[in-house]
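*Asks:* Have a look at this one before I ask anything.
Bear in mind that the values in this text are calculations on the coordinates, not laboratory data. Nothing here was measured: the structure is a model prediction, and the numbers come from that model. Backbone-built Cβ (ideal geometry, glycine too); neighbour counts: all protein chains shown.
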Amino acid sequence: MTTDMNNELIITLKNENSEIERLNGLIIRLADEHRLSEKEKYDLILILEEFLTNIIKYGYQDSKEHIIIVRISLDAGEIRASIEDDGVAFNPLDSPDPDINESLEERRIGGLGIFLIRKLTKKLDYERKDGRNIISFIKNIS
Amino acid sequence: MEITERKENNVLIVGVNGRLDANSSQDAQNKLLQAIGRGEKLVAVDCSQLDYVSSAGLRVFLTALKTINASSGKMAIFGCKDNIKQIFEISGFSSLFKLHATREDAVRSIS
């Protein structure tokens, strides 16, 4: 974990599930340092965990170790973050939203992770650059 | 994550405690489906000690509800903290599940 001159927290993770727990610990520390509310802290952990789970589960076609880079900065009123991985191209913006008005019988199991992320962020962007996925988002904070 | 089970009259009270995330959801789902599979028809899920739910956790609730409905049973949820309620609401799950405040309310709704 490093903090660069622009006060950006940079976290380097391996593509292993146990790394999500480590990330969560770092986010809790960051959230407490910046006095984020319990809800803001929960939302930030959820957003990052949904992305990381997807990348680790679906992103790689080999069993090698890969590095995922998470960058987070907090400015007045917002959190800006990005997640960069060298997995297969995946644009979360292409993922269709589930129909949340469907009845229980119709309601499909799945597609909820990206939907939750959309609901909890102000802005969500995707870029494929030099064989890497770069997802970035902005979330409002009080 | 820890799952507790206890029987109260004919209702099975299942406590889902801790974090229900991608790592723990399969275990939680297996335990819930096992209970339904052995013939439990009335299940009340106690979320008062549930600290975190992700989309993987929501899938556990949806799968359990679909399964118990298919076997003509009923399921109710109670005791969710505000953060958990929020996730149920934005994902549209609050129209599928009525979130009860207390165990008594939940048990009454399915008895």
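*Asks:* On the given criteria, is B:Gly39 in a helix (DSSP H, G or I) and over 14 Å from B:Ala106 (Cβ atoms)?
*Replies:* No.
*Asks:* Answer yes or no as to whether A:Leu26 is part of a strand (DSSP E or B) and away from chain B (no Cβ under 14 Å).
*Replies:* Considered against the rule, which asks whether it is part of a strand (DSSP E or B) and away from chain B (no Cβ under 14 Å), A:Leu26 comes out as no.
*Asks:* Of all residues in segment B:85-111, count the ones that are more than 12 Å from the chain's Cα centre (by Cα), part of a helix (DSSP H, G or I) and among the aliphatic types (A, V, I, L, M).
*Replies:* Adding up the residues that qualify gives 4.
*Asks:* Something else now. Among the residues of segment B:87-111, what is the count of those that are free of Cβ contacts under 8 Å to residues at least 12 places away in the same chain and more than 9 Å from chain A (Cβ to nearest Cβ)?
*Replies:* Total meeting the criteria: 4.
*Asks:* On to the next question. Just checking, which of B:Ile84, B:Ile36, B:Ile3, B:Ile13 is within 11 Å of another protein chain (Cβ to nearest Cβ) and among the β-branched types (Val, Ile, Thr)?
*Replies:* B:Ile84
Here's the yes/no breakdown for (1) among the hydrophobic types (A, V, I, L, M, F, W, C); (2) surrounded by fewer than 22 Cβ atoms within 10 Å (Cβ to Cβ):
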site: B:Ile3; (1), (2): yes, yes
site: B:Val11; (1), (2): yes, yes
site: B:Asn17; (1), (2): no, yes
site: B:Asn23; (1), (2): no, yes
site: B:Asp27; (1), (2): no, yes
site: B:Lys31; (1), (2): no, yes
site: B:Gly39; (1), (2): no, yes
site: B:Val45; (1), (2): yes, no
site: B:Lys66; (1), (2): no, yes
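*Asks:* Mind listing whichever residues of segment A:35-48 are touching a residue at least 12 places away in the same chain (Cβ under 8 Å) and not in a helix (DSSP H, G or I)?
*Replies:* Hits for segment A:35-48 are A:Leu36, A:Ser37.
*Asks:* Among the residues of segment B:50-64, are any within 23 Å of A:Glu50 (Cβ to Cβ), in contact with a helix residue (DSSP H, G or I) (Cβ under 8 Å, 6 or more places away or on another chain) and in contact (Cβ under 8 Å) with a residue 40 or more places away in the chain?
*Replies:* Yes, some residue in segment B:50-64 is within 23 Å of A:Glu50 (Cβ to Cβ), in contact with a helix residue (DSSP H, G or I) (Cβ under 8 Å, 6 or more places away or on another chain) and in contact (Cβ under 8 Å) with a residue 40 or more places away in the chain.
*Asks:* Hey, another quick one. Give me the residue from segment B:68-100 that is farther than 24 Å from A:Leu46 by Cα and of a type in the set (A, V, I, L, M, F, W, C) and, out of that set, surrounded by the fewest Cβ atoms within 10 Å (Cβ to Cβ).
*Replies:* Filtering segment B:68-100 for residues that are farther than 24 Å from A:Leu46 by Cα and of a type in the set (A, V, I, L, M, F, W, C), the one surrounded by the fewest Cβ atoms within 10 Å (Cβ to Cβ) comes out as B:Ala70.
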